[in-house]
Structures are given as C-alpha cells and as structure tokens.
1. Name every residue in segment A:160-214 that is in a strand (DSSP E or B) and surrounded by fewer than 12 Cβ atoms within 10 Å (Cβ to Cβ), in order of residue number.
2. Hey, any hits in segment A:48-59 for a residue that's closer than 20 Å to residue A:152 by Cβ, within 12 Å of chain B (Cβ to nearest Cβ) and not in a loop (DSSP other than H, G, I, E, B)?
3. Which condition does residue B:63 not pass, out of (1) within 10 Å of another protein chain (Cβ to nearest Cβ); (2) outside any loop (DSSP other than H, G, I, E, B), if it passes all the others?
4. Which residues, counting only those in segment A:189-227, are within 17 Å of residue A:145 (Cβ to Cβ) and either at pLDDT below 95 or within 14 Å of chain B (Cβ to nearest Cβ) (or both)?
5. Collect the residues in segment B:147-168 that are in contact with a helix residue (DSSP H, G or I) (Cβ under 7 Å, 6 or more places away or on another chain) and at pLDDT below 95, keeping them in residue-number order.
6. Give the residue that is farthest from the other protein chains (Cβ to nearest Cβ), with candidates limited to residues of segment A:77-87 that are outside any loop (DSSP other than H, G, I, E, B) and over 22 Å from residue A:155 (Cα atoms).
7. Among the residues of segment B:88-101, what is the count of those that are in a loop (DSSP other than H, G, I, E, B) and more than 9 Å from chain A (Cβ to nearest Cβ)?
8. Checking the structure you have, find out if any residue of segment B:29-42 is in the same structural domain as residue B:103 (by TED's automatic domain parsing), more than 22 Å from residue B:90 (Cα to Cα) and either without any contact (Cβ under 8 Å) to a residue 60 or more places away in the chain or under 13 Å from the mean Cα position of the chain (by Cα) (or both).
C-alpha cells in the first residue's frame, strides 16, 4: 500500500462471457472469431476490457460485450468467478471477471463468419484459459439446476411443464421423475399458468402454458432440498 | 478492443478478505485499522492491491494480505465474488476480488491496536462496500454449510463429533438432529478417527477424536442432498 498506482505493474481487467443456449436438446455456447492479436482469427469466448468511462460495474461490461459483439440484449447474466495471474494472457498479469449468460435459442443472432454456436461437447481448442472458464460455467449451471429455477432462462417466455422438465433433463443429462419434478416446481411457487393459453399443435390434449411469476424474472427461485 | 491499455481509464484491482472464526460459538470477523487514506483510521476488511510482480494469482494476493497484514498463514481461502464500479472506492473505478477465509480461533494472532476480532452481529460501520462483501461471505458460509465440510475449517486439527456438530449449529443458527448429522458425515466419508485419541478432560466417557482425511484437507467434501 506504500506504492502508488503509477509505480505498480499494471493489471489488465476484462470480462469474459460463457453464453449458453440449448439447441436440439444439447447445451451450446457462442464463440466469436477474435479480430485482433493475441490469437487473431481464433474462436474464443466473447469478452472485452472494462470501459471505466461508461460501465456501471463489471456486469454492465458483460452486458455491453454481449450487445456490441454478439448483438443480443436481455440474457440472464450471473457472475461466475474471477480468473487471474501472469500467464493467462500473453499481454501480462490479467484479471478476467467471468460471467455466465443463458438465452433461449430463438433469441440468438444468426451465425456468421465471426459468430458461431457450437455444442459444448465439440468445441475447438480455446485460447487463454477460456476452456477452464467454460468448464466452470458448465459446472455452475449443472449444479445450480439441481436446486433452482436457473434452466428457465433457456426457455422462451411461455412453456409447458413437459418442455421445462425436458430443459432440466438436458442440462442435468439424466431423466427426472415427472411427479416429483412437478411437486418441486409447485413448492418453489415461481410459475403461473398463462390464462387461457394452451400449447398449439399438440397431437392430443393440449398442455397448459406457464410463465415465470414477475418476482422471479430477475432472480432465481430456490428449492432448499434440491429437485 | 481498439483502444490501447494506455488510452483506457485505469481500473484499480485489489483483493479483500472476510476472515471468519468462531469465538464463544459466534461467528467473528477480523478487521484492520486502515493506515492510509481513504478512510485512514477506520476499521475495514483486510485488503490490498494485487502485486503483479510477485502474486501468482488473486488467491495468492489474498494469502499475502493475510500473512503480511494479519500475521496468519494456512487459512482456508475461497473466492467469494468480485465487486466493481466507479463508486465503491473514492480513488476511482475499481475491482475488488473478494475472498472468504476460515480459521480456528486458536490460530488467530492476538488483537492489537490495529487488529480487532469482532462478532459479525456487532460490527462498526464499514468503509467502501465492505458491508456488502461481509454479507456475501456470511451468506456463502451459511448456505455452503448446509451441504459441505466447510465448517471444519473453523475447528482445530482434531475434534469430537459433538464439537463438529456444534460448529455447524453455530454457523446455521439452528440445532441439528444428532443421528442424521452423523449419518451425513458418514456418507460424505471425509473424517477419520485419530487412532487411540480420545477427548481429554471429559466428565464421563471420553469421546473419540476425529480429523479430516488427507484428500479433503484442501478441498471440500460435499453432501449432494444436504444435511
């Protein structure tokens, strides 16, 4: 604390975002082709430096990165962990505040030469420590899906209970008991039936459509004893 | 990404540590009296800037802060969350990577004019966003105590099962059922009896002493369905 800011070696601070979505029942992530060195031309997690003159906090930096580099707004964003050290970025000692973002597939932008949506099980080699950041995001999403409403952020605005259960199952990689799943959702008390709305195009009896109660649109509902 | 590091407004990066211990069955935290501005003379969480020339990562920065400013080594350390923004520190846009540290009371240094150990329920007003950081640490420790071996880091090297249960209860603020607590500890399979060691000074039948199995000294044992 005796040294001034000027005398200290600079520390680079960026945000990196693991943006997850479900495509054909499998978790996918969005990669961007890096425009500049280091690793120019390489597919990497969306990220960028903090813009101290405009960002209200690091979460705002992550939202700005998603808006300006991926072209999306309104994704569910939560802080994952902060990665740091002298070796993770060839430009020097750096700090990456990593975020996890969830978005339903239909809200993603079209893929382009610089934006790719790939299954998390079949990603190319990633630069920096982006592989470790991605693994941390997958671990977080899977563990949190065991006791919270997190998966709903991969659903559209309305969904049937079978569709919601399918999303949970796709993340967890295992089937869930229908009766106990519904009981848990009831206990968590975070869903409401959309009045008069039923699934269209169903072969038999159309299922009721649900949506998230307003109180739980910005924060997660928790199930203290798990699913 | 078009601007160089020089052209960007600087971002200060520090670590802050919520160091928790149990004194007389109540969670306490360590505060240091700040030597320099801002908030000189005010009690605050231990913290300091990252020293890029010596720290291997931010966790090493936190360990260095505990060693040099509090005088302790070997505390259990885990990253809590990163706090950021233009207003949390009067010196400008800043990032604080917050850590939670747990240590048994007997390993704490003696209190001094600049080091204080206070019950978390009776802290003075804290500078910066240290109150929010402290609340996040308490929330983390309480929620993680519901499904992991985290509380053991508040115990000494050996302990009886009643002592361990007491530590869990002190953190959770509620009594636990002895039979189910012991069954959960058994299921988690992270404790071993210290051969031939029994609690000294017990009034009646001396209780068996336990310690953490080597595999769980650096990482937590988890109970997937909670206590």
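1. Residues satisfying the conditions are A:195, A:196.
2. Checked segment A:48-59: at least one residue is closer than 20 Å to residue A:152 by Cβ, within 12 Å of chain B (Cβ to nearest Cβ) and not in a loop (DSSP other than H, G, I, E, B).
3. (1) is the only condition that residue B:63 fails.
4. Correct list: A:216, A:219, A:220, A:221, A:222, A:223, A:224, A:225, A:226, A:227.
5. B:156
6. A:83
7. Qualifying residue count for the region: 2.
8. Among the residues of segment B:29-42, at least one is in the same structural domain as residue B:103 (by TED's automatic domain parsing), more than 22 Å from residue B:90 (Cα to Cα) and either without any contact (Cβ under 8 Å) to a residue 60 or more places away in the chain or under 13 Å from the mean Cα position of the chain (by Cα) (or both), which makes the answer yes.
The values are calculated or read from the model by the stated rules, or taken from the named source; none is laboratory data. For clarity, every value in this text was computed on a predicted model and none was experimentally measured. Glycine also receives a Cβ, built like all others from the backbone with ideal geometry; neighbour counts cover every protein chain displayed.
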